[in-house]
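Let me begin by presenting the structure, written as structure tokens, before commenting on it.
Read-outs: derived from the displayed coordinates by stated rules, not from any lab. Model, not experiment: these values are computed from the prediction. Here the Cβ positions follow ideal geometry from the backbone for every residue, glycine too, while neighbour counts run over all protein chains shown.
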Amino acid sequence: MSKHPTIAEHLKASGVSRRNFVQLCGMLIATAPVGLSLTSKKSVLQVAAAIGKTKRPSVIWLHFQDCTGCTETLLRTSAPDVAHLILDVISLDYHETLMAASGAQAEAALRSAIAENEGKFVLVVEGSIPMKEDGNYMQLGSKPAVQVLREVAAKSAAVIAIGSCASWGGVPSADPNPTGAVGVDSIITDKPIVNLPGCPPNPYNLLGVVLEYVTMGKLPAMDDQGRPKFAYERVIHENCPRRAHFDAGRFATAFGDEGHRKGWCLYKLGCKGPVTHAACSTRHFNEIADCWPIGAGIPCVGCTEKDVVWKLGTFETVPIHLATPPDNYPPIYSAVGGVSIGAAALVGAVAGGLGGATYVYSQRFESSQEAGAERIEAGQDEKQLDKKSDRKEV
Amino acid sequence: MSTASLSNRPFGATKPPAADTKPRWERAVPVYGVSVITPFFIALAGLAILSLFLTVYREVVGLGPASGMNDKFGWGIWKTFNVVVLTAWGSGAFAVGVVAWVFGRKRLFPLMRMALLTSMLAYACGLCLLGVDVGRPWNFYWVVLPWHWNLHSPMAEIAICMSVYASIPLFLENIPPILERLWHVNVNWQPAIERVEHGLHKFFPIIVAAAYLLPAMHQSSLGALMLLAGQRVHPLWQTPFLPLLYVGAATFMSFACVAGTTMLCCLVWKRAMDMEVLDEAARISAWTIFGWLAIRNLDLLFRGSLFSAFHFTRYAGIFWTETFLIGYGGWLLLQSLKNHKTQTMFVGYALCSLGGMLYRFSPTTLAYMPGPHAMYFPSAIEVLIALGFASIGIALFLVMVKLLAILPASNQEWRNMAAYYKARKPAISRNKYLGFFGHNELSLSDKRSH
Amino acid sequence: MAITRRELITNIGKAGVPVAVAMTVGTQALQAEELTVPSEPLSLLYDASLCIGCKACESACNAANNTAPDISGDGLHQAPADLNVFTRNIIKLYKPADGSASSFVKRQCMQCFDPGCVAGCPFEALYKDKDDGIVHWDGSKCIGCRYCTIACPYSVPRFQWLGFNPVITKCELCSHRLAKGLKPGCTSVCPTSAVIFGKRSELLADAKRRIKNNPGRYYQDRVYGEVENGGTQALYLSRVPFEKLGLPEIGPANGPSSTLRWQKRIYSYFALPAVLYAGLVTMIRKNQKGHEQEAHEQEKETGLRAQL
């Protein structure tokens, strides 16, 4: 086998069944039906073929101020094969939690990983980076985290900031932020950075971005906060499975009440779904349906959003903004009433008939007059009438 | 029903007058020698029966499928035409009656029976159709229970007043021709009939005063109805004077109805027309029309609404049509006084009737603007029912005018009729209901007492 | 027609004086009479700027009043185009074609202080409660004349066009729920509290407070219903002009009571009609005497029975 085998070669050598691999590709398509050129308008086999031809990407994973949750999300899949699969598809050349080495051996591993794949590896950063006190709140091998990041990132091809901590600071950056924790893009400015906020984010977000990059050679389309649109374009509220309850006005008003038990909308309990960009509504966790906060009856806290999760109160309701209201509302004045042909014809006929009859009879007044019908003139004196008759007789 | 003589010489005396002396309208004479069942009558009866079937349909399925009424136009032609327009056109008992009996224009007396009959039929048909139009007629009994009368409401006033008027004073006013006929049918009934007649004469002022007061009230309330619609009635019609203008319109319209119908009947059944009476009616109508036009237009002017008549809108079009029809009709009536042409008079009456109908109809429908995109047009069933009920009125009129003494004519005409029936006596005893005089034979000495 | 003045006045006096006295007393009572305002009017305050058009109030209203939803549009979805016999409140959208600010509006009965429907209803089938001011419909007195649909300036009462036992439907502020201590259906479910329920005095104060705390947010800094149409119990706040939302600008002095004041005055205690009646009877009696005399003379001359 070559030093840098393709993914298909490696899987075969590792004994991973093709069926499992194709299933993984299927899950990848489900992750991003649109927004990733890798999966867009492709069949499963096409995706499998594309990925299979790709050389295993080298991934270096750095941990800073993290809880390792983002690593866990990668590993906590329901089917153990999938976790292995992910680790077989990507070549995780340095990962402090997963690798066996520690201490000086770990440092050496990092140096050799960087040297072997310089300019080609994808740097995944987990955790925020402290900036106060010259960044000495966290050190990696006696070097401040910020320095490590700069050195490693300089040699990487692209940086993926996984988790809210790496994206914008996350938990450590919550008020009062004593360590001055910031996200990756506050430090690195000269490399393409993809932010994958979430606490933790869905692992398929990471997989989709990495494979898109190595297979198609480009990063997916991103929004103004550097988040890939295929996963972060919409808010939770838009695709929430409980949306029908929201629309019908069925809300849980207290934990454990009837509405809560029936699975009604959690908006009144402070769900931040309407203002949180993430794909959790459609992609749940651990490949189990409803395995996500709202599915479990817990209102969304908005973990991807810097302005939401540690800024708003847990039970504080959020305003719901609609940029353009849809058109399925009745207008202020609706059209009502109409004319039927039959009725119009009938009315016309009646009007015409009456008008015609009036005209005809009015004409007969004229002719009856000409024919000398009896009329009694007003003002004629009887004496005159008698005189007239006398004259006639005569 | 005698007119004031032009001289003191008794007219006609006790012997039949010379054949070539011009008669006047001295009494009402039934239309004789004409069958009741004519093609026109059959057509009317057919329409009437059709409308009765359609009425059953309306009662079963509801007002929606049977009419073109909708949420924005809650009133259809049954209310706005058959009640608002036709009862005004047929309010001759009120208008002609007031002029003749209150203002003492005796020349109009010969027209009274025509006025009374047309009014009775117009109101009866209108009220029956009103019963068809309302959605919950079983609650109509509240008309006679005063404790829930809403005196604010013009609708209450109309419902109560029209019902009372049609069922009591108007009905009683129409009884004399029936009693008269019964008096001639059987000698034995005459004492009883004369007692009833005597009673009616005694209470005549009380009944008739009500018969003039009540229509004044409800014809004006028909106008007050649309006051509540406020800005939704176009400013060319909406005015606080609407009740007054509605009564005025009813006045000249009903004159047109009574005089015009009488003229038409005389034409069709070849009766002589007494121009002294008709000229008087025409003169009164014409001056009522001009007075009415003056009030209406001055009101528009002083309220500052007249300008909208000069915009190119359909409302301005309707306004000018009304004004032209009414004004030109009135002018023709005046012309007919000068040129002595009955045609001019008839056309004048026809035009001002049409104009008056348009005026009374407009604020309820044509000039009623409940909102953009709302429109109303009667459905075919609605038109047929309206026509049918009007046909019932016309058909009944045709029957009554032949059965009873309604249409005015000369005393000579009465004698001609008597001679006609005398000659056909054997035939009449077989067809008693068509003949005027059953067992009794008319002679010049047919009065029993006096 | 020579009636002597003495006769006319005597006759009128006999019948008319007591009546005229009644009329004077009546007129005085009328002048003192003002619009009776309910003792504790209950209100809805609807802030159109908070409404998101979720239509939860429409479904809740149907549920509260036990009415089937109106699916007459496509036979599947509840999407009435306007108020009707199934729909006592409705959300409409004002969306101008030029793209300027749009707004939702919730339309239901305004529970006016001077209701046109109550003024027009002939037999008091529509009546306004003296305490909470809710306008109710009583089927036992309604004749189905539909005058209320014409008299209401907001086009609220809706008639049932199908069936042989039609009713008039309109929002009655869920008075059956109020009796149980609940709130009206619509206000119970509004997610943004765009529509709230309470005493009119309190809601009016709340509305004014909102205007004060948010200068420039509301149209003309005005609460619709405070004085419009004589005052209504359904109050509105909006960002866009009220007329655009279908709420007509009716001045406070143009309510039904003032429109029909002459109707009421003329028929008050039937005084004026009674006086007129007395006058008519007098004049007719005079004319009748002359007429009957002439008729009898003619009868003698012609031998034909008089037609009187």
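Between helix A:103-116 and chain A there is an angle of about 60 degrees, using the helix long axis and the longest principal axis of the Cα atoms. Sequence-ordered 3J(HN,Hα) estimates for segment C:56-71 from the Karplus curve with 6.51, -1.76 and 1.60 and θ = phi - 60° stand at 4, 5, 5, 5, 5, 5, 4, 5, 5, 9, 6, 9, 5, x, 8, 10 Hz, glycine and proline given as x. Here's the picture: a label point sits 7 Å out from the Cα of residue A:257 along the beta-carbon direction, and within segment C:189-210 the residues with their amide nitrogen under 13 Å of it are C:189-191. What percent antiparallel are the DSSP beta bridges of the protein assembly as shown, to the nearest 5? Close to 50 percent.
Within 10 Å of each Cβ of B:210-220, how many other protein chain Cβ atoms are there on average? The partial results should precede the final answer.
Values: counts 4, 2, 6, 7, 2, 0, 3, 6, 0, 0, 2.
Going residue by residue through B:210-220 and averaging, the value is 3.
Just round it to a whole percent: the fraction of Cα-Cα distances in chain A exceeding 35 Å. Working shown, then result.
Working: 34660 of 77421 pairs.
When all Cα pairs of chain A are counted, 45 percent exceed 35 Å.
Taking 7 Å steps out from each Cα toward its Cβ at residue A:289 and residue A:132 produces label points 4.8 nm apart.
Could you size up the charge dipole of segment B:3-448 around its Cα centre, putting +1 on the beta carbon of Lys and Arg and -1 on that of Asp and Glu, and report it in debye to the nearest 20? Numbers along the way, then the final one.
Working: 35 positive and 20 negative charges, 215 e Å.
Charge dipole, segment B:3-448, about its Cα centre: 1040 debye, nearest 20.
The residue among A:260, A:211, A:232 whose Cα reaches farthest toward the positive pole of the charge dipole of segment A:182-289, with charges on the beta-carbon of Lys, Arg, Asp and Glu, is A:260.
Note on segment C:239-267 and segment C:81-132: Cα centroid distance 14 Å, given to the nearest whole angstrom. Where the centre of each part is set by its Cα atoms, how far does segment B:266-291 sit from segment A:100-162, in angstrom? Spelled out, the Cα-based centre of one part sits 114 Å from the other. Mind checking which of B:297, B:99, B:147 is farthest towards the positive end of segment B:3-448's charge dipole, using Cβ charges of +1 (Lys, Arg) and -1 (Asp, Glu) about the Cα centre? Comparing the listed Cα positions along the dipole, B:99 ranks first.
Among all helices in chain B defined by DSSP H, which have a length of 27 Å or more along the axis from Cα atoms plus a Kyte-Doolittle mean of at least -0.5? Walk me through the numbers before you get to the answer.
On the way: long enough: B:39-61 (33 Å, 1.81); B:112-133 (31 Å, 1.43); B:190-224 (47 Å, 0.43); B:242-268 (37 Å, 1.82); B:275-302 (39 Å, 0.76); B:314-339 (36 Å, 0.32); B:342-361 (28 Å, 0.77); B:380-403 (34 Å, 2.30).
Those that clear 27 Å and a mean of -0.5 are B:39-61, B:112-133, B:190-224, B:242-268, B:275-302, B:314-339, B:342-361, B:380-403.
For chain A, what is the calculated [θ] at 222 nm in deg cm²/dmol (nearest 500), taking -39500 (n - 2.57) for each run of four or more DSSP H residues and dividing by its residue count? Before the final figure, lay out the partial values.
Details: 15 runs with 148 residues, N = 394.
For chain A, the value works out to -11000 deg cm²/dmol.
Scanning residues 5 or more positions from residue C:194 or on other chains, none has an amide H under 5 Å from its amide H, with H placed 1.01 Å from N in the peptide plane. Charging the Cβ of each Asp and Glu at -1 and of each Lys and Arg at +1, and nothing else, the dipole of chain C about its Cα centre rounds to 380 debye.
Are any of the pairs A:12/A:218; B:72/C:130; C:180/C:208; C:92/C:244 more than 18 Å apart by Cα-Cα distance, and if so, which? Walk me through the numbers before you get to the answer.
Values: A:12/A:218 26 Å; B:72/C:130 29 Å; C:180/C:208 30 Å; C:92/C:244 11 Å.
Violating the 18 Å Cα-Cα cut-off are A:12/A:218; B:72/C:130; C:180/C:208.
Using only Cα positions of segment B:3-448, each an equal point scatterer, no hydration layer, compute I(q)/I(0) via Debye at q = 0.08 Å⁻¹ and quote the log10 values to two decimals. One equal scatterer on each Cα of segment B:3-448 leads to -0.49. With N the number of residues in the protein assembly as shown, Rg(Cα) / (2.2 N^0.38 Å) evaluates to 1.40.
Rounded to the nearest 20, the Cβ-based charge dipole of the protein assembly as shown about its Cα centre (Lys and Arg +1, Asp and Glu -1) stands at 2920 debye. Counting Cβ atoms of other protein chains within 10 Å of each residue's Cβ and taking the mean over peptide B:64-75 gives 6.
I need the calculated FRET efficiency for the pair residue B:178 and residue C:72, taking r as the beta carbon distance and R₀ as 35 Å, to the nearest 0.05. Don't skip to the end; give the middle numbers.
Working: r = 53 Å, r/R0 = 1.50.
It comes out at approximately 0.10.
Cβ crowding within 10 Å ranks B:313, A:31 as B:313, A:31, fewest other Cβ atoms first.
Counting other Cβ atoms within 10 Å as a rough exposure proxy, the listed residues C:170, A:218, C:180 run C:180, A:218, C:170 from fewest neighbours to most. Using a 10 angstrom cutoff on alpha carbons, build the Gaussian network for chain B and name the most mobile of B:118, B:251, B:365. Greatest mean-square fluctuation among the candidates belongs to B:365. For residue C:36 and residue B:373, a Förster radius of 35 Å and the Cβ-Cβ distance give a FRET efficiency of 0.40, rounded to the nearest 0.05.
For each of C:131, A:175, count neighbouring Cβ atoms within 10 Å of the residue's Cβ, then give the residues from fewest to most. Don't skip to the answer; put the middle values down first.
Values: C:131 10, A:175 7.
By the 10 Å Cβ count, ascending, the order reads A:175, C:131.
Sort out for me the Cα centre separation of segment B:142-209 from segment C:182-206, rounded to whole Å. Answer, in whole Å: 57. Modelled spin labels at residue A:296 and residue C:288, positioned 7 Å past Cα toward Cβ, are 9.8 nm from each other. Across B:93, B:418, B:380, mean-square fluctuation computed from a Gaussian network of chain B (C-alpha pairs under 10 Å connected) peaks at B:380. Between the amide H of residue A:194 and those of A:159, A:160, A:161, distances stay under 5 Å, these residues lying 5 or more places away or on another chain, with hydrogens modeled in the peptide plane.
With the charge dipole of the protein assembly as shown set up from +1 on Lys and Arg Cβ and -1 on Asp and Glu Cβ about the Cα centre, the Cα lying farthest toward the positive end among the listed residues C:307, B:362, B:340 is that of C:307. Based on the Cβ-Cβ distance from residue B:241 to residue B:49, what FRET efficiency comes out when R0 is 45 Å, to the nearest 0.05? Efficiency, rounded to the nearest 0.05: 0.60.
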